[in-house]
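Engineer: Structure incoming, see below.
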Amino acid sequence: MELFDSHAHYNDEKFEEDREEILKEIYKSGVTKLVNAGYSLESSKSAIQIANSHDFIYSTVGISPNDIADYKKEDLKEIENLAKSPKVVAIGEIGLDYYWNKENKDLQKEVFISQIEIANKLNLPIVIHTREAVYDTLEILKNNNCNKKGIFHCCPFNVDLVREGLKLGFYISFAGPTTFKNSKNAPEIIKMVPLDKMLIETDSPYLSPEPFRGKRNDSRNVKYIAEKIANIKNLLTEEIAEITYQNTLKIFKI
C-alpha cells in the first residue's frame, strides 16, 4: 500500500534535530510521496530546499493568514519567483484565519486575493487554510476564479463550506481531526465528499491522529486518516490509499 501525504511541514523547527532520519522512515513506511507546504516567505524557501533534496517530496509556496504580521508587498513578488521552481506544485497555504487573527481581516483578504492572482498567472492550484472564516473564504473564491482550483487543506467540518467548495470544483483534504472522538460531524462530512474529490494529509508536525493525539505528528500517521475514511465509506484502507494517491497526483499535476 502506497500513501500520499498531501500536506505536511518538514520545514517546521520541530523537525530540526531529526528531519533526515524521519524522512527516511516515512518513505520506508509506504508514504512514497508528500507535499511540504510553505506558509511564509522563509518557510517556502525551506520547503523548496527540502523538496529538491528528496525525490519523493514536492512543495508549495505562499504566505498564510497567520504569517502576515511583517508582510511587505514585495514578498509576493518573491513568492511568485519561488513558485517557478520545478518542484513547486501549488500556491499555499493561503487563506483566512479569524481564530488567531481578528484585527487584520482586510489585510488577510488582500493577501489571499493577491496570491490567487499569482496562482492564475502561473497556472497553479491553491491550497487553502480557513479557520472561523468560512463565509468570507467562500465569497472570495466565488468572486475570484481560481483557474486550476485547489484544495481545502485540513478542511473544517462545516457542511456549508464543503458543499459550496465542492460546487466550486475544489478538493477536500482530511487530516488528524477526522479521527478525533469529539469530531462528531466528521462522518457526515466524509459521506458528503465524493471519492474523486478527496485527499488525505497529516499537517505534520501538528494534529496527530488517534491514537497519537498530543504527540508530534509525521507522515507515517497518514494511514490512520485513510483507515477512518475507509470505515465510513465501507471500503478497504488500500482502496482509499490508492484513490487519494491518484487524486493528489491529479490536482498537483505530478
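The values are calculated or read from the model by the stated rules, or taken from the named source; none is laboratory data. Since this is a predicted model, take the numbers as computed values, not measurements. Glycine also receives a Cβ, built like all others from the backbone with ideal geometry; neighbour counts cover every protein chain displayed. Side chains included, ligands, DNA and RNA excluded: accessible areas come from the protein's heavy atoms. Shrake-Rupley method; radii C 1.70, N 1.55, O 1.52, S 1.80 Å.
Residue-wise test of (1) surrounded by 20 or more Cβ atoms within 10 Å (Cβ to Cβ); (2) touching a residue at least 40 places away in the same chain (Cβ under 8 Å).
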residue	(1), (2)
Glu74	no, no
Asn81	no, no
Lys84	no, no
Gly95	yes, yes
Trp100	no, no
Lys109	no, no
Ile116	yes, no
Pro125	yes, yes
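Engineer: Sticking with this one: Name the residues in the range 1-57 that are among the hydrophobic types (A, V, I, L, M, F, W, C) and either assigned to a strand (DSSP E or B) or open to solvent by 20 Å² or more (accessible area, probe 1.4 Å) (or both), would you?
Structural biologist: Met1, Leu3, Phe4, Ala8, Val31, Leu34, Val35, Ala37, Leu41, Phe56, Ile57
Engineer: Being under 22 Å from Ser46 (Cβ atoms), out of contact with any Phe, Trp or Tyr (no Cβ under 7 Å at 6 or more places or on another chain) and not in a strand (DSSP E or B) is the filter here, so list the residues in the range 83-109 that pass it.
Structural biologist: Across the range 83-109, the qualifying residues are Ala83, Lys84, Ser85, Pro86, Trp100.
Engineer: Considering only the range 139-155, state which residues are crowded, with 19+ Cβ neighbours inside 10 Å and under 20 Å from Tyr99 (Cβ atoms).
Structural biologist: Listed by number, the residues that qualify are Ile140, Leu141, Ile151, Phe152, His153, Cys154, Cys155.
Engineer: Further, regarding this structure: Which condition does Lys148 not pass, out of (1) modelled with pLDDT under 95; (2) closer than 26 Å to Thr244 by Cα, if it passes all the others?
Structural biologist: Single failed check for Lys148: (1).
Engineer: Identify, by number, the condition in (1) open to solvent by 10 Å² or more (accessible area, probe 1.4 Å); (2) at pLDDT below 95 that His129 doesn't meet.
Structural biologist: Of everything listed in (1) open to solvent by 10 Å² or more (accessible area, probe 1.4 Å); (2) at pLDDT below 95, His129 misses just condition (2).
Engineer: Please determine, by comparing only the residues of the range 193-209 that are free of Cβ contacts under 8 Å to residues at least 60 places away in the same chain and surrounded by 15 or more Cβ atoms within 10 Å (Cβ to Cβ), which one is farthest from Ala37 (Cα to Cα).
Structural biologist: Val193
Engineer: Exactly one condition in (1) of a type outside the set (A, V, I, L, M); (2) at pLDDT 95 or above; (3) assigned to a loop (DSSP other than H, G, I, E, B) is not met by Glu210; state its number.
Structural biologist: Here Glu210 meets the rest and fails (2).
Engineer: Here's another thing I want to ask about it. Any idea how many residues of the range 164-197 are outside any helix (DSSP H, G or I), within 11 Å of Phe152 (Cβ to Cβ) and either among the hydrophobic types (A, V, I, L, M, F, W, C) or touching a helix residue (DSSP H, G or I) at 6+ places or on another chain (Cβ under 7 Å) (or both)?
Structural biologist: 7
Engineer: Which numbered condition trips up Asn182, out of (1) at pLDDT below 95; (2) surrounded by 18 or more Cβ atoms within 10 Å (Cβ to Cβ)?
Structural biologist: (2)
Conditions (1) closer than 30 Å to Ser53 by Cβ; (2) assigned to a helix (DSSP H, G or I), marked per residue:
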position	(1), (2)
Asn81	yes, yes
Val111	yes, yes
Leu124	yes, no
Thr130	no, no
Lys148	yes, no
Cys155	yes, no
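Engineer: Next question. So is Ser173 open to solvent by less than 50 Å² (accessible area, probe 1.4 Å), among the hydroxyl-bearing types (Ser, Thr, Tyr) and within 23 Å of Phe252 (Cβ to Cβ) or not?
Structural biologist: The answer is yes for Ser173.
Engineer: For the range 210-254, name all the residues that are touching a residue at least 60 places away in the same chain (Cβ under 8 Å) and among the acidic types (Asp, Glu).
Structural biologist: If the condition is that a residue be touching a residue at least 60 places away in the same chain (Cβ under 8 Å) and among the acidic types (Asp, Glu), then Asp218, Glu238, Glu242 are the ones that fit.
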